[in-house]
Amino acid sequence: MEVLSTHPDMPEPLGAMNHGSSGQPRPPTSRIETPNLQTPYVRDDTESSYTKNESNKRAKLTIKENLHTKTHGLFGEVPEEQVAILTPFVSKPLTLELRTVPVIRPSLGEVVVRIAWTGICASDIYFATGTDATYCSHSHIGGHEGIGHIVQSHDPAHIGQAVGMRFMAYTCGVCCYCLKGVPESCPRQVCFTRHLRGSYQQYATVPYTSLAILPDYVFQHENPAIYTTALCSGAAALKALRKAGIRPNDVVVVIGIGGQIGYLAGVMARRVYSARVVGIDIASKANSPTISEACDVYLPSPTEGGTHMSDEFQSLLQSTCTKLRADPNLPRGADAVIAAGSSVDSYRDLPSYVCDGGSIGFVGSPTYSITFDVKRILERQLSIKGTLMGDRKDSYQVMDYIRSGILKPKINEIELQDLPEYMQGFLAQKNWGKGVARINGPLPSAAPLTR
């Protein structure tokens, strides 16, 4: 008889994932499964995911009890219910709700992860609003930058492992795209939010193969939450810098320096690549706490219309780059520009940001199309490269930068129940640096997990 391995004294949670006889997960359904539990929200018989039968007041009370109260013993057991941030339906405007949902019992090949913290990524807005319907068209629990511990599994060797949840949960590793370093195009990929419930919940039941095993030093750090920056934003920023071919003393322009990826790209350009950084973002972010760390010089982004950079801004940019190089004999633009913003204005005439032979790297995307003069790019021998996200190796490299002290990310930590409001801050361009939501927090030292 098979025994389900758990942390000591953990009762078995209710619920089950949808699995076939092979033990592999079937394709996700159009809604989040909800067993018939005494919860404030129960599954409707229609295709809608949930029907409310109580107000969110009870859910808000639940999260206060579940997230921060050790005396209730939730750090030593897997409860039957949990609190999560749910996207009940994919549509505009952005709709995120605090809900009480069941903790799902793992099937073969699955584990339950007690999530300590999760990074917050603006891409969840696109999934929740249907901006890109190919990624998510059903109700879901978002989040893909979670860190925590495995607390329930059919394999006792898994118990206590520290793990991370990256957006690209699984790729085959052997197709032509994986082999050429473009795993984002793998036809067998499995992703959090699109295929699996994400990290905006207290306990995630997911395939073991979808998790990244974390080094021991992550939860030995005085503030493990900063390692969430490595799972998505940091890995994407590092990959963009690497593809741009940054060298020591190069001048790099980072557009969107006040955002999550832009901030980390600026910091790593300075501390890892020993480059000089010109940060560009909207004027309202000039005094953000992360700006001075991420760049040597900050310039407000040009806001004029048209397709070309103004002569005034181009002159200012060139003089700034020249001063940073300390090479007045050959005034010129930046060696590379990393475009990590979302404003169309900041993307206009990007070739004018760099000198001949320079590199333009995209790791963000404007909301509307932009055009470039191909003849001009050819004659100036510019390179344009896109970066969708980093891989696990990039995430581990960023973790090592944090461990060694090279990278000390500043995070803006919030509580899980505040996440809907924080996501609205992305739309209003009010957020700065890297956002992190505290879910359960660290395991108490009095009750460590053992394998």
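Given a cut-off of 32 Å, name the pairs among 285/408; 393/434; 92/408; 180/323 whose C-alpha atoms lie farther apart than that in the structure shown. The answer is 92/408; 180/323. Packing-based ranking of 171-178, 146-153 yields 146-153, 171-178, ordered from highest to lowest mean Cβ neighbour count within 10 Å.
Averaging 1/r over each pair of different alpha-carbon atoms in region 235-386 and inverting the result gives 15.0 Å, the Kirkwood hydrodynamic radius. Pair-distance distribution of region 267-330: all C-alpha pairs, bin width 10 Å, starting at 0; shares per bin in whole percent are 19, 44, 32, 4. Modelled spin labels at residue 247 and residue 316, positioned 7 Å past Cα toward Cβ, are 3.0 nm from each other. Charged side chains reduced to their Cβ positions (Lys and Arg at +1, Asp and Glu at -1) give region 256-324 a dipole of some 320 debye around its Cα centre.
Peptides 387-399, 408-420 ranked from most to least packed by the mean count of surrounding Cβ atoms within 10 Å: 387-399, 408-420.
Read-outs: derived from the displayed coordinates by stated rules, not from any lab. All of these numbers come straight from a predicted model, not from anything done at the bench. Here Cβ is always computed from backbone atoms with ideal geometry, including for glycine, and neighbour counts include all displayed protein chains.
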